[in-house]
Amino acid sequence: MNSDSLTFNFPISDFDISKLPIDPAVLKQDPEMLREAISDYYLGEFRGMGGDAWVTITDGVVNVAWVPVSGIDGLEEHGIALLKRGDYALGIPLLKSVLARALGNPDVLLNLGMALSDQGKTGEAIDLLERLVALEPHNVRGWNALGVAHSRNKAPEAAEEALRRSLQLDPADGYAHRNLASILMRSAPREGLEHYRLAAELLPDDQNSQFGYGLALLKSGDSDSADPVLKRSIEMAPLTEIAEMARTARREIAQKSMRSAGGSAPRPDAIMYCLSAIQLFAASPELRKAVTFEIALLGRGGLDINSTDQKYSLKSLPGKFSGLQLVSYMYVGMKELDPGSDPGIDLSGEYEQARQISPEQ
Amino acid sequence: MSLNPDASRLIDLVEKQTGYRVTLGTTEGLATDAQMISASASHPAHLIDISTRSLAVADYVTAVQCVMLLTMWSHPRGVPQFEPIEERVDQAVREAAQSPRLAKYPKEAAAKTANSLVTGLLLQLRSTPSELIAMEYIRRECPSLHRQQSDTVNAVLRRNSQGLKPEVKEFAPAEILEKSLLLSAVVALLWGQISGSTAAMLPYKSIGLDTKAEELLADFRAVPGELGERSQAVVDAWAEKLQLLGLYLWTFRPK
C-alpha cells in the first residue's frame, strides 16, 4: 500500500454482525458466507466514498485497505460523518486509524470517545476522553462526554465531577445541565429538577430535555406542571421512543387524577357512561365499530378525561361529550369487539358494574 | 408533527389522492414494522400504527405504508381485497399437515402449524409485490430516506433469512418453505440491484434459489401498468408459477 492508503484490521469477532442483511444464526453456521458478507459490507461502504478498497479475511482477522480518490486528507471528516449517522462498524476503525497517525487530534479523541461510549466500550472511551481533557482542560464538550462515559460506567461520582467541571466552564451548556440532572435525580432530586429546568430552558427544541424535565416534575409530585411539559415533548417528535415514554407518563397522570377525584372506588359518572354505551351498542350494533374507531382516532391527540366540559363532538354520533364520556364509550366498544384488547385506560370496575345493572346483559 | 419532508409529502399525496386523512400512531407487540388500516365508510381515516420497536426508522416505515396506500387506491376497479378461499385453503392446510415433516408431530399441533405456514405464505405472496413497488418508489422519489431504507430493508432481510435456520427445516414442509424462501429471495435480489450489495442474496444462492428468483423478478419487471394494477398482476403471475392460483380471489371495495 502506498502512503495515500489507509489500512486497518480487527478480529472478525469484533464485527457487529447485526449490521448484515442475514440472520446471525444463519451466518454463524456458514463461515464462508460470513466472510463474504463482511467483505461486501466494507466494499459497499468504501464504494460510496469513492476510491478502491480491498478486504481480506485470514485466520479470523479482517484486513481492510482503502485508497481514497482524493488521498487520505479529509479522512477525519469522513470518519466523524460516519459516526454521526450511526455507522460505527466503519467509523470507529477509520478514526482509530486516523488517531494512530495523529495521536493528539482533539476532534478525533472527542468523537471516537463518544462513539465508543455509545457502544458500551466505556473503559476505552474514558481513556480517550481523559486524554482529551488533559490536552485541552477547557474543552466543555470533552468534560461533558467524559461525564456521560463515567455515568455509563456506573461511576456516578466521577460523572458528577466531570459534568460540574463542564458547567463551571460554560454555565449555559444545556447538555451538561441535562446530563448532570439525570445523575442527580437519584442522589439529589431537588437539585436534579433544577438542572432539568435549566436544560429545558436552554434547549427548548431538545425532546430529551423536555421529557426529562416533565418526568422530573412528575417524580417531584407536581403532575399539574409535568403534564403540559410532557405534552410538548410529544408534539416535538411524536414518533420517537421518547414520545412513547412521555405518552405512557401522561396516561398514568390522567388515570391517577381521575382516580384521585373519586377515590379508588369505581366512579359513578363513568359507570353511567359505560351503561349508556352498552345500551347504545345493543340498540344500534352498527354504531359500535364506527363510534369506537372515531373516539380512538380523536384520542390520539389526547382526550382530557379530568374535565367535565362537554367539549368534544363526533361525526358518528350527535351531541356534545366530555372526555371521560368518550373514553367510557371507547372502553365499552373495544371490550365488546375484542375482550382481550387494551384500551389504554383501566375502567374495568366501572364496566363490570355497568354490565351488572344493564338490562341488556 | 416533525416528520421527514419526504414522508410528509407522501402523507399529503395519499390524503389528496384518496380524500381521506392519514392518522399516525404507535403500537406495541407487532411482528412487523407497522400495521395499516385503509379508510372506508365506517373508518373515515387511514390508520398507520408504527411498531414501537421501529421508531428509529419511523419516517421510512410511514413512507412505505403511504406507497402501499397509493398502490391500493390507484386501482381503477376500486380498492383491491385479497380474499383467501376458505375451503381451498383448508384443503392446502390438510395436505401440508400430512407432509412428512409435520406428520411426525401430534395432529393438532401439525394442523395449527400448517395453517400458520399456508396463510403466512399467502400473505407473503400478496404483500411482496407491493413491498417491491414501495422499495423502488422510495429509492427513486425520496432521497432523504435512503439511509433509513438501508437499515429497514436490511432488518427485513435478516428476518426473512431466518427461514434458513435448521430448526425451520425440521418442521416446515419442503414445498411451502421453498416458495416462501423464493419470495424472500426476490426481495433480496431487488435490494441487491438497488444498493449494489451482494450479501443479501448469499443465503439464497447457497440453496440454489438465485435463478428462480431472477425469473420472478423478471415477471415483476415485465408486468405493465402502475401501482395497483401492477401489484395485482404480479401477485397473479407469481401465484401461477408457485401453484397458488385458486387459493384466493380478488374483490374490489368501492373507493
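Before moving on, here are some points about what is shown:
- Taken over the alpha carbons of the stretch A:1-102 as equal point scatterers, the Debye sum produces base-10 log I(q)/I(0) values at 0.10 Å⁻¹ of -0.26.
- Heavy atoms of A:Tyr41: accessible area, 1.4 Å probe, square angstrom to 10: 30
- Heavy-atom SASA rank of A:His138, B:His146, B:His46 (probe 1.4 Å, accessible area, largest first): A:His138, B:His146, B:His46
- Anchor A:Lys121: lysines whose Cα lies under 16 Å away (excluding residues fewer than 8 positions away in-chain): A:Lys96, A:Lys154
- Centroid-to-centroid separation of the stretch B:15-56 and the stretch B:179-249 [C-alpha atoms, Å]: 26
- Cα-based reach from A:Lys231 at 19 Å (exclusive), listing aspartates and glutamates while leaving out same-chain residues under 8 positions away: A:Glu201, A:Asp205, A:Asp206, A:Asp222, A:Glu241, A:Glu244, A:Glu252, A:Asp304
- Shielding of B:193-199 by partner chains, average beta-carbon count, 10 Å: 5
- Summing Lys and Arg as +1 and Asp and Glu as -1 over all other residues whose Cβ lies under 13 Å from the Cβ of A:Val229 gives a net charge of -1.
- Taking all pairs of distinct alpha-carbon atoms in chain B, Kirkwood radius in angstrom: 19.2
- Tilt relative to chain B, helix B:210-222 - C-alpha long axis, 0 to 90 degrees, to 10: 40
- Per-residue average of Cβ from other chains inside 10 Å of A:39-48: 3
- A viscosity of 0.692 mPa s and a temperature of 37 °C, combined with the Kirkwood radius over C-alpha pairs in the Stokes-Einstein formula, give the protein assembly as shown a diffusion coefficient of 117 µm²/s.
- Ligands, DNA and RNA excluded, the heavy atoms of B:Thr119 present near 60 Å² of accessible surface to a 1.4 Å solvent probe.
- Average beta carbon contacts from partner chains per residue of A:15-25, 10 Å cutoff: 6
- Each Lys and Arg Cβ is given +1 and each Asp and Glu Cβ -1; about its Cα centre, the protein assembly as shown then shows a dipole of about 1080 debye.
- Within the assembled protein chains, the solvent-accessible surface assigned to B:Ser127 is about 40 Å², based on a 1.4 Å probe.
- Between the amide H of A:Val62 and those of A:Phe10, A:Ile12, distances stay under 5 Å, these residues lying 5 or more places away or on another chain, with hydrogens modeled in the peptide plane.
- Neighbourhood net charge (15 Å Cβ-Cβ; Lys/Arg +1, Asp/Glu -1) for A:Ala176: -3
- Between 0 and 90°, nearest 10: helix B:174-195 axis offset from chain B longest Cα axis: 40
- Net charge of neighbours whose Cβ lies under 11 Å from the Cβ of B:His75, counting Lys and Arg as +1 and Asp and Glu as -1: +2
- Helical content of chain A, expressed as a calculated mean residue ellipticity at 222 nm, amounts to -21000 deg cm²/dmol (DSSP H runs of 4 or more residues, -39,500 (n - 2.57) each, divided by residue number, nearest 500).
- Rg over Rh for chain A works out to 1.13, using Cα positions for both radii and the Kirkwood form for Rh.
- Helical segments meeting 15 Å axial Cα length and Kyte-Doolittle 1.0 threshold in chain A (DSSP H): A:88-101, A:268-283
- Peptide ranges A:319-326, A:88-95 listed from the most packed, as the mean C-beta count within 10 angstrom indicates: A:88-95, A:319-326
- Rounded to 5, the percent of DSSP beta bridges in chain B classed as antiparallel: 60
- Filter on A:Lys335/B:Lys255; A:Lys19/A:Lys84; B:Lys179/B:Lys241 - keep pairs with C-alpha separation over 19 Å: A:Lys335/B:Lys255
- Heavy atoms of chains A and B lose about 2800 Å² of accessible surface on contact, summed over both sides with a 1.4 Å probe.
- Taking A:Arg259, A:Arg101 and ordering them by how much accessible surface each has at a 1.4 Å probe, largest first, produces A:Arg101, A:Arg259.
The values are calculated or read from the model by the stated rules, or taken from the named source; none is laboratory data. What you see is a predicted model, and the numbers here were worked out from it, not measured in a lab. Methodologically, a virtual Cβ is constructed for each residue, glycine included, from the backbone with ideal geometry; neighbour enumeration extends over all protein chains shown. These area figures cover heavy atoms from the full protein model, side chains too; ligands, DNA and RNA do not enter into them. Shrake-Rupley method; radii C 1.70, N 1.55, O 1.52, S 1.80 Å.
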